[in-house]
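**Q** Right, I'll just put the structure down here and ask away after.
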Amino acid sequence: MEILKKYFPDLTEEQLEQYRRLPALYQEWNAKINVISRKDMDNIEGRHILHSLAIIPIVRFRSGADILDLGTGGGFPGIPLAIFYPNVNFHLVDGTAKKIRVVQEIVDALGLKNVVAEQARAEEIKKKRYDFVVCRAVASIDKLHLWTQRLYKKEHQHALPNALLTLKGGDLTKEMKLLPKGNYIEKYSIQDFFKEDYFEEKCVVYLQG
């Protein structure tokens, strides 16, 4: 986990141990239920764990905040963020039952008390509201906006207003043009924070709710 210590030197020993356990846990579960591409398993620290943490430089979640990880897949970015923020509440949802099973097993193995994993889609979330929605490689930005715009709390408690924070890659020009006019959107290059070549064309998109 040297790559995590490089960028987050204040991680506790408990956090570092939880991060250290993730590769083996995913290796075990990926052999049963494929949630991570085989080629990425050897690079899980950078391509999945550190990538998930690219949201942290954009906005620091406050204690007690409620975060939805929409379309979490195998638990990214939700699980790495939940380790980093033990006092923040994370709701990890995905429409695929077998993926949520993997998420729940890993959450249980790590003893994460701040995570709820649920098989659900955005439209099935009726009453719960969140400070931020996070996701990675789920859908185009215009679709994410449509799915999430009703899911934010009215009250704001962070430096940035409640919003979507999505990890994206490649040219987003076409996607961003499909958004309704008047939406506030910012794009942050991940390589401004993490210098590895893998992040060269990757970004965090902030879309205000």
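The numbers here are math on the coordinates, done by the rules we state, and not lab data. Note that this is a predicted model, so its numbers are computed, not measured. Every residue, glycine as well, gets a Cβ built from its backbone with ideal geometry; the counts of neighbours run over all protein chains shown.
**Q** Considering only region 1-36, how many residues are part of a loop (DSSP other than H, G, I, E, B) and surrounded by fewer than 17 Cβ atoms within 10 Å (Cβ to Cβ)? It would help to see each step written out before you state the result.
**A** Step one: list which residues in region 1-36 are part of a loop (DSSP other than H, G, I, E, B), which gives 1, 8-12, 31-36.
Going one step further and asking which of them are surrounded by fewer than 17 Cβ atoms within 10 Å (Cβ to Cβ), we end up with 8-10, 12, 31-34.
Counting residues in region 1-36 that are part of a loop (DSSP other than H, G, I, E, B) and surrounded by fewer than 17 Cβ atoms within 10 Å (Cβ to Cβ) gives 8.
**Q** Here's another thing I want to ask about it. May I ask you to verify whether residue 57 is in a helix (DSSP H, G or I) and on the phi < 0 side of the Ramachandran plot? Break it down into steps so the answer makes sense when it comes.
**A** Details: in a helix (DSSP H, G or I): no; on the phi < 0 side of the Ramachandran plot: yes.
So residue 57 does not fit the description; no.
**Q** Could I ask something else about it? Tell me, which strands (runs of 3 or more DSSP E) lie completely within region 61-180 with 2 or more residues that are within 14 Å of residue 206 (Cβ to Cβ)?
**A** Result: 132-136, 163-169.
**Q** Going through region 48-74 one residue at a time, which ones are within 18 Å of residue 1 (Cα to Cα) and either aliphatic (A, V, I, L, M) or surrounded by fewer than 20 Cβ atoms within 10 Å (Cβ to Cβ) (or both)?
**A** Within region 48-74, 49, 50, 53, 54, 56 meet the criteria.
**Q** Then there's this: Any idea how many residues of region 75-92 are within 11 Å of the chain's Cα centre (by Cα) and either surrounded by fewer than 22 Cβ atoms within 10 Å (Cβ to Cβ) or touching a residue at least 60 places away in the same chain (Cβ under 8 Å) (or both)?
**A** Residues flagged as within 11 Å of the chain's Cα centre (by Cα) and either surrounded by fewer than 22 Cβ atoms within 10 Å (Cβ to Cβ) or touching a residue at least 60 places away in the same chain (Cβ under 8 Å) (or both) within region 75-92 amount to 4.
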